[in-house]
Amino acid sequence: MTIQIDAHSGFCFGVIHAIQAAEHYLQAHRTLYCLGDIVHNNEEVNRLTAIGLRVITRQQFEQLYDTTVLIRAHGEPPATYLTARQNNITLIDATCPVVLKLQQHIFDFHHAKKNNNQQILIFGKKGHAEVVGLMGQIDGQGMVISSEDEIDHIDYQKPAMLYSQTTQSLEAYYHLISAIKERYEACGNEHLFQYADTICRKVANRATQIAEFASQHDTILFVSDPKSSNGMYLFNTCQRHNARSFFISHLEQLQEIDFSQSQSVGICGATSTPMWLMEECARHCQQTVHNINNL
């Protein structure tokens, strides 16, 4: 049996940058605070916690003074930076450049159009850190849409600008665009609807790459954390192309999988999955198969 790790899986640039920033600081300091999980993967968070990273909530952040805090790749609303200045907190800002560009775009558009009944719509996961940061750019005066079921809340007599969280599904975004466009056209107001393609292509391309990878193997082990929305989306992509796709968040789950009919096993993961964890999964998989063969 062959075991292959998908070369395209693993951390995206924004996550790599944030983790490197944390590791660099911790080489010279015992502790670094991080506002929220640095990445949506408990195994990686635990690794960094062991060397001094301390994950804090927004409420805890507001009680800190005279210290250093890491801003993760997801970005933060302006209020976070205001609190940092007031509390003499030094920020290590590891916001992803793609997210920063989107934040600036939304901020500029909102302040240029704020007096003309403009609706700003954000396709994303409610409460997600990136979405919280984006809503902060417009003082919370936007509408977060998580699915097509929620487009009834849009006022089709007013202009609307639609953006997307950078890690959303490209296919789902354009499906949503079509649905909203149809509603505006039905009202004779198609000229009032605008949208911007703000999905990170490096993340979006993962779906195509992982679909191809999944179809090349008998069994797929998708390594991720259940709280990673990117992970759940990519795992569903795997399942559509390979029915023998298994979601692995703990190595112990490998014991429950029957590899006896598998000639090839593919290991892949989300943009929040560390490569070291996929490599460890491969080693455990090899050991599991070895134990089965020796029974």
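P77 meets each of the listed conditions (1) at pLDDT 95 or above; (2) open to solvent by less than 50 Å² (accessible area, probe 1.4 Å); (3) at positive phi apart from (3).
The one condition from (1) out of contact with any Ser or Thr (no Cβ under 6 Å at 6 or more places or on another chain); (2) in a helix (DSSP H, G or I); (3) at pLDDT below 90; (4) within 12 Å of L221 (Cβ to Cβ) that A282 does not meet is (3).
On the given criteria, is Y174 within 24 Å of I145 (Cβ to Cβ), open to solvent by 60 Å² or more (accessible area, probe 1.4 Å), in contact with a helix residue (DSSP H, G or I) (Cβ under 6 Å, 6 or more places away or on another chain) and aromatic (F, W, Y)? No, not satisfied. For the range 124-163, the tally of residues that are of a type in the set (K, R) and either touching a residue at least 40 places away in the same chain (Cβ under 8 Å) or outside any loop (DSSP other than H, G, I, E, B) (or both) stands at 2. Filtered by the rule that a residue be farther than 27 Å from G52 by Cβ, over 17 Å from the mean Cα position of the chain (by Cα) and either open to solvent by 30 Å² or more (accessible area, probe 1.4 Å) or of a type in the set (F, W, Y) (or both), the range 83-109 gives Q104, H105, F107, D108, F109.
Taken over the range 57-99, the criterion of being closer than 23 Å to C200 by Cβ, hydrophobic (A, V, I, L, M, F, W, C) and in a helix (DSSP H, G or I) is satisfied by V98, V99. When T68 is tested against (1) farther than 22 Å from V15 by Cβ; (2) in contact with a His (Cβ under 9 Å, 6 or more places away or on another chain), exactly one condition is not met: (1).
Residue under question is F213, and the condition is that it be assigned to a helix (DSSP H, G or I), under 22 Å from F259 (Cβ atoms) and touching a Gly at 6+ places or on another chain (Cβ under 8 Å); does it hold? Spelling it out, F213 is indeed assigned to a helix (DSSP H, G or I), under 22 Å from F259 (Cβ atoms) and touching a Gly at 6+ places or on another chain (Cβ under 8 Å).
Against the condition in a strand (DSSP E or B) and either open to solvent by 80 Å² or more (accessible area, probe 1.4 Å) or among the β-branched types (V, I, T) (or both), how does V39 come out, does it pass? So V39 fails the test.
What pairs can you find where one residue is in the range 193-220 and more than 15 Å from I267 (Cβ to Cβ), the other is of a type in the set (A, V, I, L, M, F, W, C) and surrounded by fewer than 18 Cβ atoms within 10 Å (Cβ to Cβ), and their Cβ atoms are less than 8 Å apart, with a gap of 6+ or different chains? Filtered contacts from the range 193-220: Y195/I177; I199/L170; K202/F13; A204/L170; A207/L170. Scan the range 227-238 and tell me whether some residue there is more than 16 Å from the chain's Cα centre (by Cα) and open to solvent by less than 10 Å² (accessible area, probe 1.4 Å). Yes, the conditions are met somewhere in the range 227-238. Within the range 132-160, the set of residues being at positive phi and open to solvent by 80 Å² or more (accessible area, probe 1.4 Å) comprises just one member, D139. The set of residues in the range 164-205 that are under 17 Å from G231 (Cβ atoms), touching a strand residue (DSSP E or B) at 6+ places or on another chain (Cβ under 9 Å) and part of a helix (DSSP H, G or I) comprises L170, A172. Does R54 fit the bill of being assigned to a loop (DSSP other than H, G, I, E, B) and open to solvent by 50 Å² or more (accessible area, probe 1.4 Å)? In short, no. Taking the condition farther than 27 Å from F13 by Cα, open to solvent by less than 10 Å² (accessible area, probe 1.4 Å) and among the hydrophobic types (A, V, I, L, M, F, W, C), does L254 pass? Yes: the conditions hold for L254. Taking the range 3-36 as the range and being in a loop (DSSP other than H, G, I, E, B), among the charged types (D, E, K, R) and either in contact (Cβ under 8 Å) with a residue 40 or more places away in the chain or under 12 Å from A94 (Cβ atoms) (or both) as the test, only D6 passes.
The values are calculated or read from the model by the stated rules, or taken from the named source; none is laboratory data. These figures come from a predicted structure and were not determined experimentally. Virtual Cβ from ideal backbone geometry, glycine too; neighbours counted across all protein chains shown. For accessibility, only protein heavy atoms count, side chains too; no ligands or nucleic acids. Shrake-Rupley method; radii C 1.70, N 1.55, O 1.52, S 1.80 Å.
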